[in-house]
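The values are calculated or read from the model by the stated rules, or taken from the named source; none is laboratory data. Because the structure is a prediction, the values reported are computed rather than measured. Note that we place each Cβ from the backbone using ideal geometry, even for glycine, and neighbour counts take in every protein chain shown. The accessibility values were calculated without ligands, DNA or RNA, using every heavy atom of the protein model including side chains. Shrake-Rupley method; radii C 1.70, N 1.55, O 1.52, S 1.80 Å.
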Amino acid sequence: MTQKLKHICKVFGIESPIKSIETLHSGHINDTFLVTHKNDERFIIQKLNSKVFKNIEFVIFNKILVTNVLRDNYKKKNLPYQAITYLKTTQNKYLHQEADSYWNVMEFIPNTKTLEKTEIPEIAFEAGKLYGDFIVNTESILPESVTETLKNFHDVPFRLTQFEDALKIAKPYRLELANDLIAFAQKHKKTMCTLAYLRAENRFPIRVTHNDAKLSNILFDNNNKGKAVIDLDTIMPGLIHYDFGDSVRSICTKSTEDETDLSKIYIDLELYEAYCSGFALKTKSILKPEEIEYLPLGIQTIIFIMGLRFLTDFLNNDTYYKTTHANHNLDRAINQFNLLASVFDNLKAIERITKQHFT
């Protein structure tokens with residue numbers, strides 16, 4: 001693989017010698033590598049998963065469109081953020097294809113770090129501001145100019161169809177292990193379809209959304225200030241509720257999504273208040289009242305979707321997500337459904353905090 005990556009470096013104009021290449025293990029789908037050049041410049045090489053992304057050219061188009069707009073707006077407004085810079089190949093293209101492999105390369109933003117989890121409200125607040133600014137500063141992009149590269153990505157009825165299909169072919173021992181989770185999904189599926197039905201009725205504006213708005217997709221500087229939104233492969237037209245909900249899912253709990261100690265899996269209201277206040281600070285002037293009203297349901301829905309997707313992949317013999325051990329996807333599904341149960345238990349407080357910061 002090292003020789004292949006050195007070849008990709010050359011394709012994108014990164015000349016030898018290369019000091020080091022290391023694999024980055026964040027993310028479930030793509031393969032990502034950090035390259036350090038002889039003069040200590042660093043670059044991120046990404047091998048896109050063509051089994052997941054069927055129209056990779058449009059994935060790249062969306063990313064370039066959005067980063068160009070973000071860069072211009074950050075500069076015009078003198079904001080302390082930075083947009084990702086993508087390199088072109090020696091053939092003046094942002095995407096390189098070899099057989100069934102697709103590659104793109106980004107400049108590494110120096111003096112930054114990613115965080116998988118936080119217990120610090122100030123970091124949650126910074127994340128809220130940065131993801132809020134992402135929504136505000138992409139508002140000028142017509143949603144129809146951005147391609148839906150993963151159809152029905154956050155559509156609960158579609159995810160339920162996949163789930164029902166998986167139930168029909170799942171091995172008996174997997175069905176037995178997942179019995180309680182299957183019952184939980186069946187119990188809550190009707191309520192979790194609400195946002196999809198309201199979207200079909202055109203009750204909400206369609207916005208340019210990140211669709212993977214978790215804590216680890218933000219770069220922070222050494223003072224824990226938000227610097228950049230990264231991992232833009234899933235940029236699509238969508239509802240703000242899913243970005244808001246996914247951020248809360250990943251930021252406002254102190255456990256990772258494969259934690260197996262159920263006592264550690266709960267919604268942290270202090271972190272939620274911090275994130276919500278940062279997000280509201282940036283977005284409440286542009287959000288419609290009905291969007292705000294359904295933000296708490298967005299939290300519930302995205303956690304349900306993630307739990308359902310992990311459960312479905314477990315029933316399908318782990319064909320989609322990368323796993324590191326037996327029953328990894330089952331552990332993830334248990335984790336997410338327990339987090340959702342905690343949101344149910346704290347829903348009144350979540351609604352109160354949301355209303356407080358958005359009014």
Notebook entry, point to check: By the gyration tensor of its Cα atoms, with a ≥ b ≥ c the square roots of the eigenvalues, what is the shape of region 301-359: rounded for a/c under 1.5, prolate for a/b over b/c, or oblate?
Noted result: prolate
Checklist line | Prolate/oblate/rounded label for region 3-120 (Cα gyration tensor, a/c 1.5) | finding: rounded
Item checked: Summed side-chain charge close to Ser20 - residues other than Ser20 whose Cβ falls under 13 Å, Lys, Arg +1, Asp, Glu -1 -> +1
Margin query: In region 124-278, if the dipole is taken from +1 on Lys/Arg beta carbons and -1 on Asp/Glu beta carbons about the Cα centre, which of Asn152, Leu219, Ala124 is farthest to the positive end?
Written below: Asn152
Item checked: In Hz, Karplus ³J(HN,Hα) per residue of region 277-294 (6.51, -1.76, 1.60; θ = phi - 60°; x = Gly, Pro) -> 5, x, 5, 5, 3, 8, 10, 5, 6, 10, 6, 7, x, 6, 4, 4, 4, 9
Note to self: Suppose every Lys and Arg Cβ carries +1 and every Asp and Glu Cβ carries -1, with no other charges. What dipole size does region 227-359 come out with about its Cα centre, to the nearest 20 debye?
What the structure shows: 360 debye
Checklist line | Whichever lysines have a C-alpha closer than 23 Å to that of Lys171, once near sequence neighbours (fewer than 8 apart) are set aside | finding: Lys187, Lys189, Lys322
Item checked: Dipole moment magnitude, nearest 20 debye, region 1-114 about Cα centre, only Lys, Arg, Asp, Glu C-beta charged -> 240 debye
Next item on the list: Mind putting a number on the dipole of the chain about its Cα centre? Charges go on the C-beta only, +1 for Lys and Arg and -1 for Asp and Glu, and I need it in Debye to the nearest 20.
Entry: 600 debye
Notebook entry, point to check: Simple spin-label model, 7 Å along Cα-to-Cβ: Lys288 to Gln356 in nm?
Noted result: 2.8 nm
Margin query: Restricting everything to alpha-carbon atoms, can you work out Rg to Rh for region 53-145 with a Kirkwood hydrodynamic radius?
Written below: 1.01
Notebook entry, point to check: Rounded to the nearest 0.05, what FRET efficiency do Asn78 and Glu98 have when you use their Cβ-Cβ distance and R0 = 56 Å?
Noted result: 0.85
Check: Ignoring ligands, DNA and RNA, what percent of the accessible area of region 286-342 is carbon or sulfur (1.4 Å)?
Finding: 53 percent
Check: Roughly how many percent of the accessible protein surface of region 97-208 is carbon and sulfur, given a 1.4 Å probe and a whole-percent answer?
Finding: 51 percent
Check: Could you give the accessible area per residue of the chain, probe 1.4 Å, as a whole number in Å²?
Finding: 46 Å²
Margin query: Just to confirm my numbers, what's the Cα centroid distance between region 273-341 and region 21-82 in Å?
Written below: 23 Å
Notebook entry, point to check: Looking at (i) 22, 50, 23, 4, 1; (ii) 19, 39, 26, 12, 3, 0; (iii) 29, 59, 12, which value of P(r) over Cα pairs in 20 Å bins from 0, in percent comes from a calculation on the structure shown?
Noted result: (iii)
Item checked: GNM result for the chain, Cα springs below 10 Å: residue of Ile267, Ile251, Ile29 fluctuating most strongly -> Ile29
Next item on the list: Using Cα centres only, tell me the gap between region 175-254 and region 92-161 in whole Å.
Entry: 12 Å
Notebook entry, point to check: Just from its helices, what would the mean residue ellipticity at 222 nm be for the chain, if runs of 4 or more DSSP H residues each count -39500 (n - 2.57) and the sum is divided by every residue, rounded to the nearest 500 deg cm²/dmol?
Noted result: -15000 deg cm²/dmol
Notebook entry, point to check: Can you work out ³J(HN,Hα) from phi for every residue in region 224-236, in order, using Karplus 6.51 cos²θ - 1.76 cosθ + 1.60 and θ = phi - 60°, giving whole Hz and x for Gly and Pro?
Noted result: 6, 9, x, 10, 7, 8, 10, 6, 9, 4, 9, 4, 7
Notebook entry, point to check: What is the sum of charges around Leu269, taking Lys and Arg as +1, Asp and Glu as -1, for the other residues whose C-beta is under 15 Å from the C-beta of Leu269?
Noted result: -1
Note to self: Please report the carbon-and-sulfur percent of the accessible area for region 1-84; probe 1.4 Å, protein heavy atoms only, DNA, RNA and ligands left out.
What the structure shows: 51 percent
Margin query: Only Cα pairs within less than 10 Å get springs; with that Gaussian network setup on the chain, which residue of Tyr102, Tyr272, Tyr173 has the largest fluctuation?
Written below: Tyr173
Checklist line | Unsatisfied cross-links (Cα-Cα over 22 Å) in the set Lys63/Lys227; Lys51/Lys227; Lys214/Lys254; Lys254/Lys355; Lys6/Lys88; Lys77/Lys129 | finding: Lys51/Lys227; Lys254/Lys355
Check: Projected onto the charge dipole of the chain (+1 at Lys/Arg Cβ, -1 at Asp/Glu Cβ, origin at the Cα centre), which of Ala274, Asn338, Asn49 gives the Cα projection farthest towards the positive end?
Finding: Asn49
Checklist line | Residues whose placed amide H lies under 5 Å from that of Leu24, excluding near-sequence neighbours | finding: Thr32, Phe33, Leu34
Note to self: Let me make sure I get this right: for region 131-284, a, b and c are the square roots of the gyration tensor eigenvalues over alpha carbons, sorted descending. Under 1.5 in a/c it's rounded, otherwise prolate if a/b > b/c, else oblate. Which is it?
What the structure shows: oblate
Notebook entry, point to check: What range in the chain is the longest one free of GluC sites (Glu not before Pro) that are in a loop by DSSP and have at most 13 other Cβ atoms within 10 angstrom?
Noted result: 202-359
Notebook entry, point to check: Beyond 16 Å, what share of the Cα-Cα pairs of region 172-227 remains, rounded to the nearest whole percent?
Noted result: 71 percent
Next item on the list: Could you work out the Kirkwood radius for region 201-323, taking every pair of different alpha carbons, averaging 1/r and inverting it, reported in Å?
Entry: 15.9 Å
Check: Hey, in the GNM for the chain with a 10 angstrom Cα cutoff, which one of Cys193, Cys252, Cys276 fluctuates hardest?
Finding: Cys193
Next item on the list: Identify, among Ala185, Met106, Leu167, the residue whose Cα sits farthest towards the positive end of the charge dipole of the chain, taking +1 on the Cβ of Lys and Arg and -1 on the Cβ of Asp and Glu, with the dipole about the Cα centre.
Entry: Met106
